[in-house]
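Here is the structure we will look at.
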Amino acid sequence: MDCIFCKIVAGEIPSHKVYENDSFIAILDINPSETGHTLIIPRKHNENIFDLDEDDARELMPLAKKLAIAIDRSLHPDGMNIRQNNGTAAGQEVMHYHLHLIPRYSGASPDKKDFTALAEAISDQII
Ligand code: AMP
């Protein structure tokens, strides 16, 4: 299957990994809306909310909370959007389910261009 997120999950193309477990990986978005923009991606390929695996659905929100807290502790944003697009009409571009964690800053976004260091900084704050 020609799916970029399946290839990232399989390690066939590189990514900046923030977290992984048996069911999910979390990576930095390659084209971030803000510094620390992170994607949670189920390993299992499902397109969007309409066919998302039931176990993945159950595990997702506790994981989103865990990673949101890690982003908050590492980057100290002023807020955070948690967003998820379903279908082209809703702006979905990659047809493999993923949840966006987008920290928001009242002032300027922290200037962190080193994605390896950034992923590590977030990862270090996971509790
Ligand atoms: P969506 O519009 O919800 O489908 O979002 C897709 C997201 O995936 C966008 O924010 C892209 O910047 C991001 N993206 C696409 N390719 C990659 C990649 N190879 N590594 C990390 N993020 C990616």
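Applying 0.36 nm per residue to the separation of Met95 and Phe115 and subtracting their alpha-carbon distance, the gain on full extension is 4.8 nm. So for the chain, taking the charge dipole from beta-carbon charges (+1 Lys/Arg, -1 Asp/Glu), which of Ala108, Ala68, Gln125 sits furthest toward the positive end? Result: Ala108. Note on Arg73/Asp2: beta-carbon distance plugged into 1/(1 + (r/R0)^6) with R0 of 41 Å gives a FRET efficiency of 0.65. Ordering Ser15, Thr35, Ile25 by the projection of their Cα atoms onto the charge dipole of the chain, which places +1 on the Cβ of Lys and Arg and -1 on the Cβ of Asp and Glu, puts Thr35 at the extreme positive end. In this structure, the amide hydrogen of Arg104, modeled 1.01 Å from its nitrogen in the peptide plane, lies closer than 5 angstrom to those of Asp78, Gly79, Met80, Asn81, counting only residues at least 5 positions away or on a different chain. List the aspartates and glutamates whose Cα lies under 12 Å from the Cα of Lys113, skipping any in the same chain that are fewer than 8 positions away. Cross-link targets: Glu34. Could you work out how far helix 54-75 tilts from the main Cα principal axis of the chain, as a 0 to 90 degree angle to the nearest 10? That works out to roughly 20 degrees. For region 18-109, applying the loop criterion from DSSP together with a ceiling of 15 other beta carbons within 10 Å to the trypsin sites (Lys or Arg not before Pro) yields Lys44.
Provide the FRET efficiency to the nearest 0.05 for the Glu54-Ser106 pair, computing r from the beta carbons and using R0 = 41 Å. E(calc), rounded to 0.05, equals 0.60. With neighbour counts taken as other beta-carbon atoms within 10 Å, the residues Val9, Val18, Val94 rank, fewest first, as Val94, Val9, Val18.
Magnitude of the charge dipole for the chain, about its Cα centre and with charges confined to Cβ atoms of Lys, Arg (+1) and Asp, Glu (-1), is about 320 debye. Were the residues from Ile30 through Asp124 laid out at 0.36 nm apart, the gain over their Cα-Cα distance would be 31.8 nm. Given a Förster distance of 22 angstrom, what is the FRET efficiency for Asn81 paired with Lys17, based on the Cβ-Cβ distance and rounded to 0.05? Efficiency computed from Cβ-Cβ geometry: 0.55.
For a straight C-alpha distance cut-off of 25 angstrom, the lysines reachable from Lys44 (same-chain residues fewer than eight places away being disregarded) are Lys7, Lys17, Lys65, Lys66. The chymotrypsin sites (Phe, Trp or Tyr not before Pro) found in region 17-95 that occupy coil by DSSP, while having at most 14 further C-beta atoms within 10 Å, are Phe50. Between helix 115-124 and the chain there is an angle of about 90 degrees, using the helix long axis and the longest principal axis of the Cα atoms. Here the dipole of region 64-108 is about 160 debye; that uses its Cα centre as origin and unit charges on the Cβ of Lys and Arg (positive) and Asp and Glu (negative).
Bear in mind these aren't lab numbers, they're just calculated from the coordinates by the rules spelled out. As the structure is a prediction and not an experimental result, all values here were calculated from the model. Every residue, glycine as well, gets a Cβ built from its backbone with ideal geometry; the counts of neighbours run over all protein chains shown.
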